[in-house]
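What follows draws every value from the coordinates through simple rules; no lab data is involved. Quantities reported herein were computed from a predicted structural model and do not represent experimental measurements. Every residue, glycine as well, gets a Cβ built from its backbone with ideal geometry; the counts of neighbours run over all protein chains shown.
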Amino acid sequence: QVQLVESGGGLVQPGGSLRLSCAASGTIFNLRTLGWYRQAPGQQRELVATTTNGGTNYADSVKGRFTISRDNAKNTVYLQMNSLKPEDTAVYYCNVIHLFSSYWGQGTQVTVSS
């Protein structure tokens, strides 16, 4: 089994930046797809960004502002969030595909407010 631990959330003013981290632990042979999702109160969980060893993709709402990256040696995925807007406020969840199984982190709150 794989466990994911997220960190880096918090309160930031509009225009500010945060970096989220998600570290995978357990018996790991290969991480195929790593991604970030977010869920605002009363709304569906939506994809923010994903990364494979072949590339990345982003939701239109975050393109140009967010960057997803991975450190395979540390089994960790990051989400650098710049130029944050109030509408980015949500609980952010990391997701990892390992040996064809999907795992979710516990979620970390990001609040963008003045």
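At full extension, Arg32 and Val5 could sit 8.0 nm farther apart than now, given 0.36 nm per residue minus the alpha carbon distance. Summarising the amide proton neighbourhood of Lys85: residues at separation of 5 or more, or on other chains, whose placed amide H is nearer than 5 Å comprise Gly15.
Under 10 Å, Cα contacts only: if you run a Gaussian network model on the chain, which one of Leu79, Leu99, Leu31 comes out with the highest mean-square fluctuation? Highest fluctuation among the options: Leu99. Comparing Ala73, Ala49, Ala23 in a Gaussian network model of the chain where C-alpha atoms under 10 Å apart are linked, the largest mean-square fluctuation is found at Ala73. Under a 5 Å amide H cut-off, with hydrogens placed 1.01 Å from N, Val48 pairs with Trp36, Tyr37, Arg38 among residues at least 5 apart or on other chains. Along each principal axis, taking the top coordinate minus the bottom one, the Cα set of the stretch 65-106 gives 36, 20, 14 Å in descending order. The mean sequence distance of close C-alpha pairs (under 8 Å, at least 6 residues apart), as a share of the length of the chain, puts its relative contact order at 37 percent. Note on Ser17/Phe100: beta-carbon distance plugged into 1/(1 + (r/R0)^6) with R0 of 35 Å gives a FRET efficiency of 0.50. Size of the chain: Rg and Dmax of its alpha carbons, in Å, are 13.5, 43. Each residue of the stretch 70-77 is assigned a 3J(HN,Hα), and the resulting list reads 9, 10, 5, 5, 9, 6, 10, 10 Hz, derived from the Karplus form 6.51 cos²θ - 1.76 cosθ + 1.60 (θ = phi - 60°), x at Gly and Pro. At q = 0.17, 0.20 Å⁻¹, what base-10 log of I(q)/I(0) does the Debye formula yield for the stretch 1-65 when every alpha carbon is treated as an equal point scatterer in vacuo? With no solvent term, the Cα-only Debye profile gives -0.80, -1.07. Checking every one of the chymotrypsin sites (Phe, Trp or Tyr not before Pro) in the stretch 1-99 against DSSP loop status and a limit of 15 other Cβ atoms within 10 Å picks out Phe29.
In order along the stretch 48-55, the Karplus-derived 3J(HN,Hα) couplings, from 6.51 cos²θ - 1.76 cosθ + 1.60 at θ = phi - 60°, round to 9, 7, 9, 9, 10, 5, x, x Hz, and Gly and Pro are given as x.
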